[in-house]
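Notes to accompany the following structure.
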């Protein structure tokens, strides 16, 4: 059961109210996501100068915030500070992983060149992904319906979030949360099978 608020419109709630309420009503977190997605993405992009890395770190930030929302305490400080603390932590983890990988490459004398499209196609042709597809279908079938369909539409069909939201009859923020949660669970499920 969510926290009672005098105004029924979640858009007028503070971030702290939404985060606290999302413990019992996960859909409330979608509003936090909608409010801060662009600024978290910009934060990561300014620090990495790579759109893909910034997008990945933004997803990791919101996934970490979602999973730790029950530990959030409204101290009166802006909830945005809590979110950006998580963003900084994700960036720090990324930089440590990259530093370790970079040192290992230098130590081994390995130079990494960007792959050409034909190289990627050749690699894909060498990999038999049929067993993985079966595992993926089984893992998708185990997801709640809303998450599974959101993942299929957004990732499988590469539809933009607004179109997925229209097809599912929910907000774009709700779709983002469903996709993020679905992908996190798929990664866990498929990781256990390997």
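Filtering the stretch 171-187 to residues that are surrounded by fewer than 18 Cβ atoms within 10 Å (Cβ to Cβ) and either at positive phi or without any contact (Cβ under 8 Å) to a residue 40 or more places away in the chain (or both) leaves only 187.
For the stretch 71-82, indicate whether the set of residues that are assigned by TED's automatic domain parsing to the domain that holds residue 28, under 18 Å from the mean Cα position of the chain (by Cα) and either at pLDDT 80 or above or more than 30 Å from residue 170 (Cα to Cα) (or both) is non-empty. Yes; the residues of the stretch 71-82 include at least one that is assigned by TED's automatic domain parsing to the domain that holds residue 28, under 18 Å from the mean Cα position of the chain (by Cα) and either at pLDDT 80 or above or more than 30 Å from residue 170 (Cα to Cα) (or both). Of all residues in the stretch 107-160 being assigned to a loop (DSSP other than H, G, I, E, B) and modelled with pLDDT of 75 or more, which is farthest from residue 177 (Cα to Cα)? That would be 109. Within the stretch 87-109, residues that are farther than 14 Å from residue 53 by Cα sit with their Cβ atoms under 7 Å from residues that are part of a loop (DSSP other than H, G, I, E, B), at 6+ positions apart or across chains, in these pairs: 105/112. Residues satisfying the criterion are absent from the stretch 161-169 (criterion: surrounded by 12 or more Cβ atoms within 10 Å (Cβ to Cβ), touching a residue at least 24 places away in the same chain (Cβ under 8 Å) and under 24 Å from residue 65 (Cβ atoms)).
The values are calculated or read from the model by the stated rules, or taken from the named source; none is laboratory data. Every value quoted in this text rests on a predicted model; they were computed, and no experiment measured them. Ideal geometry is used to build each Cβ from the backbone, glycine not excepted, and the neighbour counts take in all protein chains shown.
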